[in-house]
Amino acid sequence: RSARGRLALTYLSIIMLMSIGFSVVFYYTSSEQLSRQLPPQSFYAEVLKPAGFNLDVDPFSFLRERIQEGRSVLLLRLILLNFFALFVGSLLSYYLARRALAPLEEVIEAQSQFVSDASHELRTPMTAIQTTNEVALRKPKLSLAEAKQIIKHNGEDIMKLKALSDGLLRLATKTVSKPIMETVSTQEVVTEAVNQIMQAALAKKVSVNDQVPDIKVSANAGSLAQVIVILLDNAIKYSPAKSTISLRGHSKGKFAYLSVKDQGIGIPAKDLPHIFKRFYRSDRSRSKENYEGYGLGLSIADKLMRQSRGEILVTSQLNKGSTFTLKLLRK
């Protein structure tokens with residue numbers, strides 16, 4: 001009735017076939033060895049008859065009875081052993097079936113959730129485009145200014161769709177080959193990332209304080225820069241105007257640490273375990289202000305860091321800001 005039950009039944013069938021097969025072989029082998037305790041037929045004619053034994057009475061009847069008793073006891077114990085194997089095998093089969101199917105069930109559930117979330121997020125800009133166009137079509141006369149405004153709104157929604165589809169493709173793509181690991185200067189990568197987000201920071205009047213030293217790490221330069229851009233973009237998005245984003249770096253042992261600290265709204269403790277999930281955004285970020293985004297950035301950053309054998313650590317306090325720290329291997 002279920003995949004787990006069918007798999008467990010398959011495992012149990014294999015266990016019982018092996019157990020019964022072993023029992024049959026063991027029984028016949030042991031039975032044959034017990035039969036060898038009796039003398040051969042030639043012993044009666046060559047030894048007992050010349051010695052004057054009465055061959056009408058079997059002199060080894062007691063031994064035959066003992067052998068038969070041994071066979072019966074052996075058969076009974078093998079039957080009990082197989083019942084025990086059936087009981088233990090049932091429990092073991094169910095456990096193995098659960099262990100075997102658990103990753104597959106998680107993947108299927110994640111895929112289903114991914115499709116559902118993606119459909120929901122795609123529906124919003126598409127509905128906006130459809131509504132705008134329908135309203136425009138109902139107007140008997142449409143001025144040039146109104147047409148330009150409609151085209152502008154449609155263009156903005158199309159850009160949102162493009163950003164969403166690009167994020168989905170990044171997450172869905174499974175790179176067969178590992179990313180090229182190289183010696184990367186943290187200072188150079190952070191400078192490149194800061195240059196990419198500087199316009200957005202200036203537009204919101206957010207200052208970026210970069211004090212990252214030159215540490216050599218083992219990473220992919222492009223992927224690391226992309227991760228820092230994502231973290232900086234989030235920091236700008238959730239920070240108030242005229243606040244400061246701090247970039248720091250230090251090394252300890254065989255690891256290097258790069259941190260991006262903002263003075264934003266912070267992340268509730270209950271949301272911290274989920275922030276790297278696709279499409280996840282906390283209720284707080286949704287309710288306080290209309291922050292644009294689809295909750296894909298941190299998922300992409302987490303994936304890129306794992307591919308580069310790195311890790312993202314997070315600490316946050318409500319209304320005091322968040323700190324995202326990249327943990328990298330030193331070169």
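The values are calculated or read from the model by the stated rules, or taken from the named source; none is laboratory data. This is a predicted model, so every value here is computed, not measured. Every residue, glycine among them, receives a Cβ derived from its backbone with ideal geometry; neighbour counts consider all protein chains shown. Note: accessible area is taken over every heavy atom of the protein model, side chains too, but ligands, DNA and RNA are not part of it. Shrake-Rupley method; radii C 1.70, N 1.55, O 1.52, S 1.80 Å.
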Table column - 3J(HN,Hα) (Hz), the stretch 23-33, Karplus curve with 6.51, -1.76, 1.60, x for Gly and Pro
5, 5, 4, 5, 5, 5, 5, 5, 4, 5, 5
The ³J(HN,Hα) series, computed from each phi in the stretch 204-216 with the Karplus coefficients 6.51, -1.76 and 1.60 at θ = phi - 60°, rounded to the nearest Hz and given as x for glycine or proline, is 9, 6, 10, 8, 10, 9, 9, 10, 7, x, 8, 10, 8
At 0.36 nm per residue, and after removing the present C-alpha to C-alpha distance, how many nm does the segment from A145 to A3 gain when stretched out fully?
45.1 nm
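Of K162/K303; K204/K261; K204/K327; K204/K277; K148/K237; K205/K277, which ones are farther than 22 Å apart at the Cα?
Checking Cα-Cα distances, K204/K327; K204/K277; K148/K237; K205/K277 exceed 22 Å.
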Please compute the modelled spin-label separation between L91 and Y28, points set 7 Å along Cα→Cβ, answer in nm with one decimal.
3.3 nm
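Ordering F26, F83, F255 from largest to smallest accessible area (1.4 angstrom probe), what's the sequence?
Accessible-area ranking of F26, F83, F255, largest first: F83, F26, F255.
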Give me a comma-separated list of calculated 3J(HN,Hα) values for the stretch 297-306, in order, Karplus coefficients 6.51, -1.76, 1.60 applied at θ = phi - 60°, integers in Hz, x for any Gly or Pro.
x, 5, 5, 5, 4, 4, 5, 5, 5, 5
Taking the Cα-to-Cβ direction at T127 and at E106 and moving 7 Å from each Cα, how far apart do the two end points lie in nm?
3.3 nm
So, with points 7 Å from each Cα along the Cβ direction, the K162-R330 label distance in nm works out to 4.4 nm
